[in-house]
Structures are given as C-alpha cells and as structure tokens.
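K.L.:
Have a look at this one before I ask anything.
The values are calculated or read from the model by the stated rules, or taken from the named source; none is laboratory data. What you see is a predicted model; the values in this text were computed from it and never measured. Cβ: placed from backbone, ideal geometry, glycine included. Neighbour counts: every protein chain shown.
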C-alpha cells in the first residue's frame with residue numbers, strides 16, 4: 001500500500017486583479033492521496049484562512065467533470081497530466097510525496113485574468129451567441145423522433161456536442177486559438193438536419209467572432225485534442241474549415 | 001476587453017483564410033520541391049549531359065517557365081506572409097507566457113517541427129534567395145557555355161554544381177538547410193491537408209505518417225546530392 005498522505009510544495013499563481021502584476025507564490029500542503037486536486041486546494045485555502053491570509057481564488061462547480069468551470073494549468077498542462085479528465089477529476093494519488101506542483105490560470109488575452117486562477121471566459125459565450133444555436137419557433141414540443149437521424153451520424157454529432165466549454169483547448173494551444181471549441185459547435189450543428197438551414201451564416205459569423213475576440217490562429221499542433229477533457233478530435237477543426245469554404249458557394 | 005458581438009474582424013481576412021492560403025501554397029511548393037528533386041537526381045549521372053539537357057529543356061520553355069516562376073514567387077510570398085501573421089497573432093493572443101509549459105503528449109502533434117515552423121521557414125526563405133542567385137542567375141560566378149548534342153548552346157550547369165559543392169561551405173550549408181526543409185515538411189505536409197479541411201479521423205494517422213515519409217524522402221533526396229559530390 002502506498003503512502004496515504006503526501007506533502008507537496010505548491011507554486012500557485014497569485015494576482016490581485018486584472019491589471020495587477022501577478023507572481024508564483026510558494027505554499028506547502030499535506031493531503032490524502034484519495035483527495036481530488038480541488039479538495040487539495042480547499043485544504044490549502046482553509047489553512048490560509050486560519051492564518052488570516054487571502055485564500056486562492058479558483059473556479060469550480062460540479063466537480064464531476066461536466067460543467068466546464070474548473071480551469072487550472074497543472075505543471076504546464078491544462079487540466080493536469082491525466083488525459084480525458086477535467087482537473088476536478090484529477091486525484092492526488094497521481095502525485096509523489098515531496099513533489100512540486102505549479103498551478104497557473106488559463107493564459108490568453110481573450111481570457112483576461114479576474115483574480116488568481118480565475119479567468120473571464122465570456123469570449124466563448126459571445127462566439128456561441130454569434131451563431132452556435134438553432135433558431136426555432138417556440139410553441140408546443142414536436143414529436144420525438146419526428147426527424148430521423150442515423151445512429152452513426154447522431155454519434156458523430158454527439159462526439160462534438162460533448163464540449164463543456166472549459167477553454168482548455170485555448171489554454172494549451174501554443175497560439176491560444178479557440179478553433180477546437182468553435183469547430184466542435186459548428187461541426188455538431190452542421191452534421192444534424194436541425195442545424196442545416198443556418199449552417200452558412202453560422203460558420204461565417206462564429207469564425208468572425210472568434211477572430212474579433214483576439215484568439216490566435218490555429219497551427220495544427222493538435223495540443224487541444226490532447227488536453228480536451230472530452231477528447232474532442234481536431235477533425236472538428238478540419239470540418240469547420242470545410243464548412244467555411246462551402247459557405248461561400 | 002469585451003468585444004461587441006458581431007463586430008467585424010479588422011483585416012476582414014479570418015484566421016481560416018490565412019490557413020487555407022498557407023496550406024494551398026505549401027502543397028504547391030511541396031509538389032514543386034518533389035519535381036525539382038526528380039530533376040536534380042540527373043546529377044548522379046556522371047557524364048553531365050543528362051543534367052545539362054534537362055536544364056536546357058526547362059529554359060527552352062520560355063514564357064511557360066517564366067509564368068510558372070511568377071506563380072511560385074507569388075505563392076511563396078503568400079505562404080510567408082500568412083506564416084508571419086500567424087506568428088505575430090500568437091504573441092498578441094498570449095502576451096504573458098506560462099512559467100511552466102509542457103505538451104500533454106498522447107494525441108498531441110506538437111513537436112520540434114511544429115513549434116519551429118517560423119524559424120525553419122525564415123531560414124528556407126533566405127536560402128532560396130541565395131540559391132536562386134547562385135544557380136539560376138550565376139551571380140557569384142559565370143557558368144561555362146557548352147554545345148549540346150543537338151547543337152544548341154547551353155550553360156554547363158552540371159560542372160557549375162559540381163564545382164560549387166566541392167566548396168565545403170556550400171556542401172554542408174546545403175545539407176543543413178535541406179535537413180531544416182525536412183523538419184518544415186514534417187509538420188507542413190499533413191498540416192496543410194488539415195488546413196484545407198481534408199483530414200478525417202479514419203485517415204488522419206495514415207496521412208500523418210505519410211507526411212513524415214514525404215518529408216524524410218525529400219530532405220534525404222536533396223541533401224544526398226551535395227554530400228555525394230563533396231565526397232566523390
């Protein structure tokens with residue numbers, strides 16, 4: 001049986017506000033290997049509060065990998081070293097006793113830092129507002145399965161629909177590009193008959209908004225796919241490009 | 001900080017258009033490089049007439065050759081400009097870099113090749129200028145004129161190339177730059193297809209591997225020539 005409790009050295013990004021210069025600060029924490037990464041930060045914060053210091057601000061909500069709130073770069077990797085998981089699902093058993101862990105916020109000019117590890121991701125909301133939806137007349141609900149969609153197609157669209165909008169793709173991209181996020185939504189809707197009528201306007205408008213927000217260009221490093229907690233494929237980006245070209249014909 | 005929704009991007013050219021341009025022009029130049037290499041392999045025929053006849057044939061195309069050259073230069077310019085714009089945009093999109101950054105590996109295609117495109121590309125651009133001045137325009141040294149079997153006058157480019165690559169600076173300089181070309185194509189070939197929207201999950205691993213093979217073959221093909229000449 002491995003050690004149940006480990007001592008860790010933490011280097012945590014502390015920044016008072018959006019315009020203030022931040023820095024990495026050193027902390028030490030003792031934590032159960034069964035704890036999650038966010039629980040480890042909770043323990044650190046309790047300790048800081050007891051000492052009368054300001055706790056570390058970080059975003060979290062569901063803590064079960066579906067809400068897309070948690071957003072930490074752990075040892076240089078968005079959501080940490082474990083593939084296909086958000087950082088809330090990362091457990092301390094993956095770290096060694098005495099290890100140093102560096103924790104930084106998402107870094108992109110389109111995601112300005114609010115405080116410490118919290119960034120403003122409303123740029124994503126504006127990309128979605130630009131066209132990542134289906135316009136329908138509200139009223140009585142239509143019958144289930146009134147539009148038949150093949151299983152393969154439904155599965156394919158669903159793979160792209162699993163995006164939780166966490167922004168890890170932007171955080172990990174060497175260019176801070178939002179192509180995977182934008183491409184996933186465009187591809188999901190383009191594959192389904194419900195998304196078909198608005199597909200041309202959608203892709204042009206969302207791609208334009210992505211650029212307006214100040215995200216970088218995609219260089220096909222594929223780092224986004226590697227850190228995506230949902231493992232969304234960069235085929236979404238290729239499809240976005242096809243959709244973009246087709247939208248002009 | 002917050003941008004109003006539905007504002008127009010400043011340049012009117014979106015990132016996707018830049019990638020389409022970069023991918024298309026990159027593919028054209030890769031095809032050109034393969035054709036160029038096929039021609040250069042005539043240098044292995046030691047009597048030289050094959051290479052000189054090939055050179056003379058290209059020049060005899062006249063207007064067609066000039067047209068092709070104009071397009072190549074145009075495409076190269078577009079390729080370089082889009083690459084520089086991506087690089088500049090990246091610095092703007094992340095002004096403060098991570099104190100610690102590492103690739104998450106597994107499905108990531110991030111590599112020395114992908115991260116050094118701007119460096120290898122810049123070196124290749126400078127190289128191309130020197131290369132064209134040397135071997136196309138013979139600026140640094142005039143070429144001898146010979147008479148071909150059909151009586152036509154042509155430059156003795158075979159002798160010219162052999163003399164140039166007996167110079168260690170040229171021989172090893174070219175070898176080094178062609179290794180960089182291999183690195184550029186290692187990321188460039190598959191990336192261009194991805195930029196043009198041609199990648200699908202089913203074929204991606206195969207295309208990624210083929211991209212590597214094309215890069216290696218082109219690089220080894222080109223760099224073997226100066227080394228062969230220098231050491232023979």
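K.L.:
Read through the list (1) more than 8 Å from every other protein chain (Cβ to nearest Cβ); (2) over 30 Å from residue B:96 (Cα atoms); (3) not in a loop (DSSP other than H, G, I, E, B), then give the number of the only condition that residue A:242 fails.
P.N.:
Only one criterion in (1) more than 8 Å from every other protein chain (Cβ to nearest Cβ); (2) over 30 Å from residue B:96 (Cα atoms); (3) not in a loop (DSSP other than H, G, I, E, B) is unmet by residue A:242, namely (1).
K.L.:
So residue B:51 ticks every box in (1) touching a helix residue (DSSP H, G or I) at 6+ places or on another chain (Cβ under 8 Å); (2) free of Cβ contacts under 8 Å to residues at least 60 places away in the same chain; (3) farther than 21 Å from residue B:186 by Cβ but one. Which box is left unticked?
P.N.:
Every listed condition holds for residue B:51 apart from (2).
K.L.:
Specify the residue that is farthest from the other protein chains (Cβ to nearest Cβ); the eligible residues are those in the stretch A:213-239 that are in contact (Cβ under 8 Å) with a residue 60 or more places away in the chain and part of a helix (DSSP H, G or I).
P.N.:
A:236
K.L.:
What is the one condition in (1) buried (at least 17 other Cβ atoms within 10 Å of the Cβ); (2) over 23 Å from residue A:104 (Cβ atoms) that residue B:108 does not satisfy?
P.N.:
Result: residue B:108 passes all but (2).
Residues are listed down the side, and each one gets a yes or a no for (1) exposed (fewer than 14 other Cβ atoms within 10 Å of the Cβ); (2) out of contact with any helix residue (DSSP H, G or I) (no Cβ under 8 Å at 6 or more places or on another chain); (3) more than 14 Å from residue A:227 (Cβ to Cβ):
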position: A:125; (1), (2), (3): yes, yes, yes
position: A:140; (1), (2), (3): yes, yes, yes
position: A:155; (1), (2), (3): yes, yes, yes
position: A:160; (1), (2), (3): no, no, yes
position: A:167; (1), (2), (3): no, no, no
position: A:173; (1), (2), (3): no, no, no
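Results for (1) within 24 Å of residue B:220 (Cα to Cα); (2) modelled with pLDDT of 95 or more, shown as yes or no for each residue.
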residue: B:37; (1), (2): yes, yes
residue: B:42; (1), (2): yes, no
residue: B:53; (1), (2): no, no
residue: B:56; (1), (2): no, no
residue: B:60; (1), (2): no, no
residue: B:63; (1), (2): no, no
residue: B:67; (1), (2): no, yes
residue: B:73; (1), (2): no, yes
residue: B:77; (1), (2): no, yes
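K.L.:
Sticking with this one: Is it the case that residue A:155 is farther than 30 Å from residue B:86 by Cα and at pLDDT below 95?
P.N.:
In short, no.
K.L.:
To continue, here is another question. Among the residues that make up the stretch A:54-71, is at least one of them within 13 Å of chain B (Cβ to nearest Cβ) and assigned to a loop (DSSP other than H, G, I, E, B)?
P.N.:
First, pick out the residues of the stretch A:54-71 that are within 13 Å of chain B (Cβ to nearest Cβ): none.
The answer is no; no qualifying residue exists.
K.L.:
Taking the residues in the stretch B:86-116 that are facing chain A (nearest Cβ under 9 Å), in a helix (DSSP H, G or I) and in contact with a helix residue (DSSP H, G or I) (Cβ under 6 Å, 6 or more places away or on another chain) as candidates, determine which candidate is nearest to residue B:35 (Cα to Cα).
P.N.:
Ranking the qualifying residues of the stretch B:86-116, first place goes to B:114.
K.L.:
Of (1) modelled with pLDDT of 90 or more; (2) part of a loop (DSSP other than H, G, I, E, B); (3) away from chain A (no Cβ under 14 Å), residue B:134 satisfies all except one. Which?
P.N.:
(2)
K.L.:
Same structure again: Only one of these is in contact (Cβ under 8 Å) with a residue 12 or more places away in the chain and more than 9 Å from chain A (Cβ to nearest Cβ): B:39, B:35, B:63. Name it.
P.N.:
B:39
K.L.:
Being within 14 Å of chain A (Cβ to nearest Cβ) and exposed (fewer than 13 other Cβ atoms within 10 Å of the Cβ) is the filter; apply it to the stretch B:204-214 and report the residue that is nearest to residue A:179 (Cα to Cα).
P.N.:
This residue is B:205.
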